[in-house]
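First up is the structure itself, then whatever we jot down about it.
The values are calculated or read from the model by the stated rules, or taken from the named source; none is laboratory data. Given the structure is predicted, the values throughout are model-derived calculations rather than measurements. Please note: Cβ atoms are built from the backbone with ideal geometry, for glycine as well, and neighbour counts cover all protein chains shown.
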Amino acid sequence: MIIASSWMGIDELAFTKLFEVVIQLGAIFSVVVLYWRKFFDKGRLAFYQKIILGTVPALIIGYLFAKQIDRLLDSPRTVGIMLLVGGVIFIWVDQWFTRPVVSDEEKMTVWQAIRIGFWQCLAMIPGVSRSAAAIIGGLQQKLTRELAAEFSFFLAVPTMAAATGYKILEAYRDQPQLITDPQNWILLLAGAGMAFLVALIAIRSFIRYLQHHTFRLFGYYRIVVGVVVLILVWKGILK
């Protein structure tokens, strides 16, 4: 989104920053739809506990460093560098974590969930995928690839709900016209709706892919995109 908004010349608009956060809630809502049995099972109190506690690190760090994070969101160069770094990590990550022992969310401990929550905070650096950071954290905590991916999506629900709520309140406090303009809500709903549909397809495909493949392909993809982004920054096409 940072790359696209810079390319289109809308990255300096206040509404763009609000848009980039709020529409992610649409994408995350697809997780609730896909895993509705887990999210609405009242007998799984331990599941809710792990999700809530795993979200706490992001809430605290996000609140304390909100201004610094907002400044980084203006930097395609940072995105390009982190795409490259993340790509190299993804190529080797399967060789680093070769002995997963936790294949079921019920066997996870609360402390494992909290540690994965701290890994998730790396995504506050633009270009670091939130799901990728949480997945690597899950692998480090000896989760299987499939479970690490699923739990990263579970963590996204309260994390992005909190980030969206905070961003809307912040906009209402500092620039209320962004919230009170009906046209803006049409744009937000349209973006969130499209994000929901794309994520619905992507998450299903991703989980199915991980059942039979490693992360190596994603590493190559990130490296290629990272190089392209840095070239565009160098050429002045991206600011």
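Considering every residue within segment 164-176, establish whether at least one is surrounded by fewer than 12 Cβ atoms within 10 Å (Cβ to Cβ) and assigned to a loop (DSSP other than H, G, I, E, B).
Initially, segment 164-176 is screened for residues surrounded by fewer than 12 Cβ atoms within 10 Å (Cβ to Cβ), giving 169, 173-174, 176.
Still in the list and also assigned to a loop (DSSP other than H, G, I, E, B): 176.
Checking segment 164-176: at least one residue is surrounded by fewer than 12 Cβ atoms within 10 Å (Cβ to Cβ) and assigned to a loop (DSSP other than H, G, I, E, B).
Checking segment 19-41 against the condition returns a match, with at least one residue being acidic (Asp, Glu) and buried (at least 17 other Cβ atoms within 10 Å of the Cβ).
If you take the residues of segment 228-239 that are modelled with pLDDT of 80 or more and either in contact with a helix residue (DSSP H, G or I) (Cβ under 7 Å, 6 or more places away or on another chain) or of a type in the set (Gly, Ala, Ser) (or both), which of them is surrounded by the fewest Cβ atoms within 10 Å (Cβ to Cβ)? Steps first, answer last, please.
Initially, segment 228-239 is screened for residues modelled with pLDDT of 80 or more, giving 228-236.
Next cut, either in contact with a helix residue (DSSP H, G or I) (Cβ under 7 Å, 6 or more places away or on another chain) or of a type in the set (Gly, Ala, Ser) (or both) only: 229-230, 233, 236.
Values: VAL229: 25, LEU230: 18, VAL233: 20, GLY236: 7.
Looking at residues that are modelled with pLDDT of 80 or more and either in contact with a helix residue (DSSP H, G or I) (Cβ under 7 Å, 6 or more places away or on another chain) or of a type in the set (Gly, Ala, Ser) (or both), I get GLY236.
For segment 42-61, taking the residues that are free of Cβ contacts under 8 Å to residues at least 24 places away in the same chain and among the hydrophobic types (A, V, I, L, M, F, W, C), the one that is surrounded by the fewest Cβ atoms within 10 Å (Cβ to Cβ) is identified as LEU45.
Any idea which residue in segment 43-95 is modelled with the highest pLDDT, counting only those that are of a type in the set (D, E, K, R) and outside any helix (DSSP H, G or I)? If you could, list the steps in order and put the result at the bottom.
The first filter runs over segment 43-95 and keeps only residues of a type in the set (D, E, K, R), leaving 44, 50, 67, 70-71, 74, 77, 94.
Pick out the ones that are also outside any helix (DSSP H, G or I) and you get 44, 74.
Numbers: ARG44: 74, ASP74: 63.
Across segment 43-95, the extreme among qualifying residues is ARG44.
Just to be sure I understand the filter: pairs with C-beta atoms under 8 Å, separated by 6 or more residues or on different chains, first member in segment 173-184 and under 12 Å from ALA14 (Cα atoms), second member of a type in the set (Gly, Ala, Ser). Which pairs pass? Within 8 Å, the pairs are GLN175/ALA14; LEU178/ALA14; LEU178/ALA171; ILE179/ALA171.
For every residue, the table says whether it meets (1) within 22 Å of ILE203 (Cα to Cα); (2) free of Cβ contacts under 8 Å to residues at least 12 places away in the same chain; (3) buried (at least 22 other Cβ atoms within 10 Å of the Cβ); (4) not basic (Lys, Arg).
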site: VAL102; (1), (2), (3), (4): yes, no, no, yes
site: GLU105; (1), (2), (3), (4): yes, no, no, yes
site: TRP111; (1), (2), (3), (4): no, yes, no, yes
site: ILE116; (1), (2), (3), (4): yes, no, yes, yes
site: ILE125; (1), (2), (3), (4): no, no, no, yes
site: ILE136; (1), (2), (3), (4): yes, no, yes, yes
site: LEU143; (1), (2), (3), (4): yes, no, yes, yes
site: GLU146; (1), (2), (3), (4): yes, no, no, yes
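Please enumerate the residues belonging to segment 102-131 that are at pLDDT below 85, part of a helix (DSSP H, G or I) and within 16 Å of the chain's Cα centre (by Cα).
Going through segment 102-131, the residues at pLDDT below 85 turn out to be 102-107, 123-131.
This time we only want the ones that are part of a helix (DSSP H, G or I), so: 105-107, 123-124, 130-131.
Residues satisfying the conditions are ALA123, MET124, ARG130, SER131.
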